[in-house]
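Nothing in this text is a laboratory measurement; each read-out follows from the coordinates by a stated rule. Only a predicted model underlies this, so the values are computations on that prediction, with no experimental measurement involved. As a convention, Cβ positions derive from the backbone with ideal geometry for all residues, glycine included, and neighbour counts pool all protein chains shown.
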Amino acid sequence: YQNILNSVLEKEKLLAVLIDPDKFLVDKVGAFIEKVNASIATHIFVGGSTVDDFVTGILVVEIKKHTKLPVVLFPGDVTQITNKANALLFLSLLSGRNPEYLIGKHVQAVSKLKKSTLEVIPTGYLLIEGGKVTAVERVTGEKPLSRSDVQEIVDTAFAGQLLGMKLIYLEAGSGAKAPLTNEIITEVKKALKLPIIVGGGIRSKQQLDAVYKAGADIAVIGTAFEQDELFFEELKKDKYYENIS
Ligand code: 1GP
């Protein structure tokens, strides 16, 4: 977390590549991570809404064989918590009113976390309309916040800050039709003192840059890399910085 804060202070933008254990074959990890290493990615997030037990641990071990980037758990359930990662986003679904996802799963996780060395980062998680029904919605039974109700989004994020959350994650949902609007990101960033994570539907360099410009500190991309690994070419370290300078 301190590394994230330092980057925010330095105005450095961070990029997390999301690997969903449910969609990833362990024997493909090496080649995929080589591409991640050559790109501007700074973090690897691992998690998904529906993942079989024990798969996450095996995948994280394999990922760590190929990279020095921090591996951060972004779990859909308690079973995805593994001590093999570096940190855990302890997500509370603030946009919903389902107690299981606000505090229930967290209580279930305690016996595991007490034995682990994972850095636990309390994270306020806001699901916001992304143009299609997302896995988060299906699993939690919670509706997303409306894109047009920016004040409700800002107030929800602000309540998360008051509750002591250390990060706020604005989520349009994996595979969202479009990333969140600049207005949503800018208004949340303006109102809060916390680093802001933005994910869902980012599929091009232009969209990534727009999300950063609007105020995202960390962008998360999953689907675009799963569907087209050539996207890594556009985000290669040398090429990316050449293009923005
Ligand atoms: C999903 O925010 C992440 O939780 C990433 O979304 O798969 O659409 O990139 P995408």
Output for the stretch 72-141: trypsin sites (Lys or Arg not before Pro) sitting in coil per DSSP, at most 15 other Cβ within 10 Å, listed by number, reads ARG97, LYS115, LYS132
Along each principal axis, Cα extent of the stretch 149-188, largest first, Å
31, 19, 14
Determine, from the Cβ-Cβ distance of LYS205 and ALA178 and an R0 of 22 Å, the FRET efficiency 1/(1 + (r/R0)^6), rounded to the nearest 0.05.
0.90
Nitroxide proxy distance, nm - points 7 Å out along Cα→Cβ at LYS236 and LEU162
5.0
For the stretch 2-228, what's the radius of gyration and Dmax over Cα atoms, in angstrom?
16.2, 45
As a percent rounded to 5, the proportion of antiparallel DSSP bridges among beta bridges in the chain is 5
Using Cβ counts within 10 Å as a stand-in for footprinting exposure, how do SER7, SER39, SER111 rank, fewest first?
SER111, SER7, SER39
Tell me which lysines have Cα within less than 28 Å of LYS190's Cα, excluding those fewer than 8 residues away on the same chain?
LYS11, LYS13, LYS132, LYS143, LYS166, LYS177, LYS205, LYS213
Mean-square fluctuation maximum in Gaussian network of the chain, Cα pairs under 10 Å, restricted to PRO144, PRO99, PRO195, hits PRO99
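Going through the DSSP H helices of the chain, which span 15 Å or more along their own axis at the Cα atoms while scoring at least 0.0 as a mean Kyte-Doolittle hydropathy?
Span-like helices here: 55-66, 150-162.
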Regarding the stretch 1-107, what's the average projected area of the Cα-atom convex hull, expressed in nm²?
7.5
